[in-house]
Amino acid sequence: MKATVIATFFGMSLICTYAAKEATKKMKKAKLYFALTDVPQIDCDVKAGKIINPEFIAKCPPGCQDVKYRVYGTDIYASFSSVCNAAIHSGIIDNTGGKILVQKVAGHSGYRGSFSNGVRSLSLPRWRESFLVSEGKPRKGVTYPSTLEYSSPKSTAVKSEPKKLEQDLKATKSADTANASEKASEQGDAVRKEHQTSPVLTPATQMATTTPTPMTTTTDPSTTTPKPATTPATIRTTTVAAASKTRPGLHRVRDIGSSSVHPAYSSVVAAASRQVQAAQGRGQNTAFRGTSTSASNRNILRPNTGIQRQEPVATFQRAAGSPAHLGFSSKEELNPKPLESTSQGNPNCKVDLSFLMDGSWSIGKRRFQLQKHFLGNVAQALGIGSTGPLMGIVQYGDDPSTEFNLKTYANSKDLRNAIEKIPQKGGLSNVGKALSFVNKNFFSDANGNRGGAPNVVVVIVDGWPTDRVEEASRLARESGINIFFVTIEAAAESEKQNIIEPNFVDKAVCRTNGFYSINVPSWFSLHKVVQPLVKRVCDTDRLVCSKTCLNSADIGFVIDGSSSVGTSNFRTVLQFVANISKEFEISDTDTRIGAVQYTYEQRLEFSFDKYSTKQDVLSAIKRISYWSGGTSTGAAISYASEQLFSKSKPNKRKIMILITDGRSYDDVRVPAMAAHRNGVIAYSVGVAWAAQDELEAIATDPDKEHSFFVDEFDNLYRFVNQLIQNICTEFNSQPRN
């Protein structure tokens, strides 16, 4: 009897336990269903930076695939990108819309532009905050908000307290410093881990009214709850375009950096690497090259083409024990050559050069020898030296390998002798593979890259490549590498159908205007292009791929010092000017800063050539004293055109940023139109009583991208990011011709 009772009791307990577990599962499913159905919807134009929540699920409406909803980056996107259009670009949703998961992550350098799923994303050197987008499925242990928090859509009419403003500016400065300190060595696995796991938020200015939203309920003690970052709101004037304005030429940005880590971060590592000065010293090891005999190449076929070239019977030298068959290799790491002597070199040609020499079997022994003579003559004509050009060589066939890097030889004589000893690799003509190799491996501080010298790659091609070059070239250009092509015995009309990538030269070079490409009809006339090529690679003013939106402008600030501004607000304006200036790469060869203050009269505070370091510029801005007086904005624009921009360098973009708080006593339209005609890109920033129609007249078309208005001086700081974004977007729109 006891056994029966116990068994019955035990069975009922098991049934109750099972029922409880099933009920719990149903409750979890019900909660999950509610969480998935109660998803907030966002508009197509909503940028990630506008949403405070660090991680959220949202629903995008149909029809977001539009060029007006801009996207910056690939795989990882800058926070001022349209969230929904970024989701379309990444392939998470299509133009019909749908649910997406967004995770905020830290800012990065080298956002890579690309065309994907019908959306053209743009490139950008760096930004403070990024985001990742994936399928709209909740992550385990994360509770998602049913209502999203947005940063304030417009400026508040209540004046900020001075202490609060100071805290905001300090927080912004802290965020700048934190992001600027990112090193290439911290990317790799750490960045990949960040991409795969929970988001890491960049420091950002915290708003007083922001309430953090709980984001996780997991019991895992290793999981931490990220605090939501807030992005200050920006106010942009939406205006009718003023008539009769001359639109200046637009420019295209080239992102800096590339590496062998995750594709989304490839340009981050190389950008940081190129900014480091070349390390000194080198091991003194002995170099060995062996020889072996290969089969004759009497009838050499270019693979997959059917085109046959007749060559004399010959033998080829190959490096004994060459690791080329293993893939990419760097010979100078295995067999470094000692620096026998150092030359100062040609100071008028300070460039870091990599020549990609064609080592494929199709070239033959005789042509390979002619190529080496050509490279030796180029080295002699350049005038290799420590303060002039430095030159390294990469040979490509099936796979590329470095013959020697930038610091292996420091004079033309030693370099020329070394070139003559290079044996032929053989293989196909994989130029695209070689460009990828150079982009990721060659221009580093360890290989002698000097940072301040433009990076130049000259590709020598016999006929045409056996792989595609467009994508590899684009990544190299966006890393700041200037690509030149020297093609010898290009395809005849009857051969063009055999080319894998038609017009491969135009798809590869920095500009399609003929400056970056030389076609030689015969190997026996190659010597004739030595001087023309040397002249081009040494013309640093035309090496446009070294230019980015942050290092290629003359920026002139035109500052209203009238009585209505007041001493306290004038200091706020100067802080605004300093915050913009410090985002640029300032030197006598990079971006330069000038400033004019005006009332009824005008005063040149400092010219473009006065200061050549960022610290000196920031100190000069801080020293500007408040003038006080009337407001003659038109006369100030004319004065800035004459005293600042007339002295701008020909290769610099002329950018005027005018800040005013009231209506001008004189006409602004005629002086503004004259400045536009002279190539000045004008931005107008109005505060308080500034006249909307005058801001539009001053600004370059389109007005909404170049004019801003805010009701209080304390809110000026919100426009810093927007102004820099617009300057870079405009630079990025320059076509390659």
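When region 567-582 is examined, which residues are found to be touching a strand residue (DSSP E or B) at 6+ places or on another chain (Cβ under 9 Å) and not polar (S, T, N, Q)? If the condition is that a residue be touching a strand residue (DSSP E or B) at 6+ places or on another chain (Cβ under 9 Å) and not polar (S, T, N, Q), then Phe570, Val573, Leu574, Phe576, Val577, Ile580 are the ones that fit.
Show the residue pairs meeting these rules: Cβ distance below 6 Å; 6+ apart or different chains; first residue within region 616-631 and in contact (Cβ under 8 Å) with a residue 24 or more places away in the chain and more than 23 Å from Ser564 (Cα to Cα); second residue in a helix (DSSP H, G or I) and open to solvent by less than 60 Å² (accessible area, probe 1.4 Å). Here the result reads Val617/Ser581; Leu618/Ala578, each pair linking region 616-631 to a residue that is in a helix (DSSP H, G or I) and open to solvent by less than 60 Å² (accessible area, probe 1.4 Å). Here Gly397 meets each of (1) free of Cβ contacts under 8 Å to residues at least 60 places away in the same chain; (2) within 18 Å of Ser473 (Cα to Cα) with one exception, condition (1).
Screening the candidates Ile621, Ile657 for the property of being under 27 Å from the mean Cα position of the chain (by Cα) and either in a loop (DSSP other than H, G, I, E, B) or under 16 Å from Phe557 (Cα atoms) (or both) yields one hit, Ile657. Please pick out the residue among Val685, Val670 that is over 30 Å from Asn513 (Cα atoms) and either open to solvent by 10 Å² or more (accessible area, probe 1.4 Å) or of a type in the set (Ser, Thr, Tyr) (or both). Residue meeting the stated conditions: Val670. Restricting Asp588, Asp616 to residues that are of a type in the set (Asp, Glu) and part of a helix (DSSP H, G or I) narrows the list to Asp616.
Note on region 373-389: residues that are closer than 17 Å to Asn346 by Cβ, in contact (Cβ under 8 Å) with a residue 60 or more places away in the chain and open to solvent by 20 Å² or more (accessible area, probe 1.4 Å) total 2. Just one residue in the set Gly141, Gly136 is surrounded by fewer than 22 Cβ atoms within 10 Å (Cβ to Cβ) and touching a Leu at 6+ places or on another chain (Cβ under 6 Å); that residue is Gly136. Kindly check whether there is at least one residue in region 132-151 that is more than 14 Å from Ile57 (Cα to Cα), at pLDDT 90 or above, out of contact with any Pro (no Cβ under 8 Å at 6 or more places or on another chain) and part of a strand (DSSP E or B). No - not one qualifying residue is present in region 132-151.
Within region 34-89, the set of residues being in contact with a Gly (Cβ under 6 Å, 6 or more places away or on another chain), surrounded by 15 or more Cβ atoms within 10 Å (Cβ to Cβ) and farther than 15 Å from Leu101 by Cα comprises Gln65, Phe80. Counting the residues of region 451-508 that are assigned to a helix (DSSP H, G or I), open to solvent by 10 Å² or more (accessible area, probe 1.4 Å) and in contact with a strand residue (DSSP E or B) (Cβ under 6 Å, 6 or more places away or on another chain) gives 1. Filtered by the rule that a residue be without any contact (Cβ under 8 Å) to a residue 60 or more places away in the chain, of a type outside the set (Gly, Ala, Ser) and in a loop (DSSP other than H, G, I, E, B), region 68-93 gives Lys68, Tyr69, Val71, Ile92, Ile93. Taking the conditions (1) under 20 Å from Leu124 (Cβ atoms); (2) in contact with a Lys or Arg (Cβ under 9 Å, 6 or more places away or on another chain); (3) assigned to a strand (DSSP E or B); (4) β-branched (Val, Ile, Thr) in turn, Val105 satisfies each one other than (2). Checked against (1) open to solvent by 10 Å² or more (accessible area, probe 1.4 Å); (2) modelled with pLDDT under 90, Asp701 passes all but a single condition, namely (2). Here Asp541 fits the description: open to solvent by 10 Å² or more (accessible area, probe 1.4 Å), within 24 Å of Phe608 (Cβ to Cβ), in a helix (DSSP H, G or I) and out of contact with any strand residue (DSSP E or B) (no Cβ under 6 Å at 6 or more places or on another chain). In this structure, Ser564 does satisfy being outside any helix (DSSP H, G or I), farther than 26 Å from Asn726 by Cβ and among the small types (Gly, Ala, Ser). Could you grab me the full set of residues in region 695-707 that are of a type outside the set (Ser, Thr, Tyr) and in contact with a Ser or Thr (Cβ under 6 Å, 6 or more places away or on another chain)? Matches in region 695-707: Leu695, Glu696, Ile698, Ala699, Asp703, Lys704, His706.
For the criterion of being assigned to a loop (DSSP other than H, G, I, E, B) and either aliphatic (A, V, I, L, M) or open to solvent by 20 Å² or more (accessible area, probe 1.4 Å) (or both), Ser436 fails.
Any residue in region 487-505 that is charged (D, E, K, R) sitting within a Cβ distance under 8 Å of a residue that is surrounded by 11 or more Cβ atoms within 10 Å (Cβ to Cβ) and outside any loop (DSSP other than H, G, I, E, B)? List the pairs, counting only those 6 or more apart or interchain. Partner pairs satisfying both residue conditions: Glu489/Asp462; Glu489/Val520; Glu489/Trp523; Glu501/Glu470; Glu501/Lys507.
The values are calculated or read from the model by the stated rules, or taken from the named source; none is laboratory data. In this text, all values refer to a predicted model and were calculated from it rather than measured experimentally. All Cβ positions, even for glycine, are placed from backbone atoms using ideal geometry, and neighbour counts span all protein chains on display. Remember, those area values only see protein heavy atoms, side chains included, never the ligands or the DNA or RNA. Shrake-Rupley method; radii C 1.70, N 1.55, O 1.52, S 1.80 Å.
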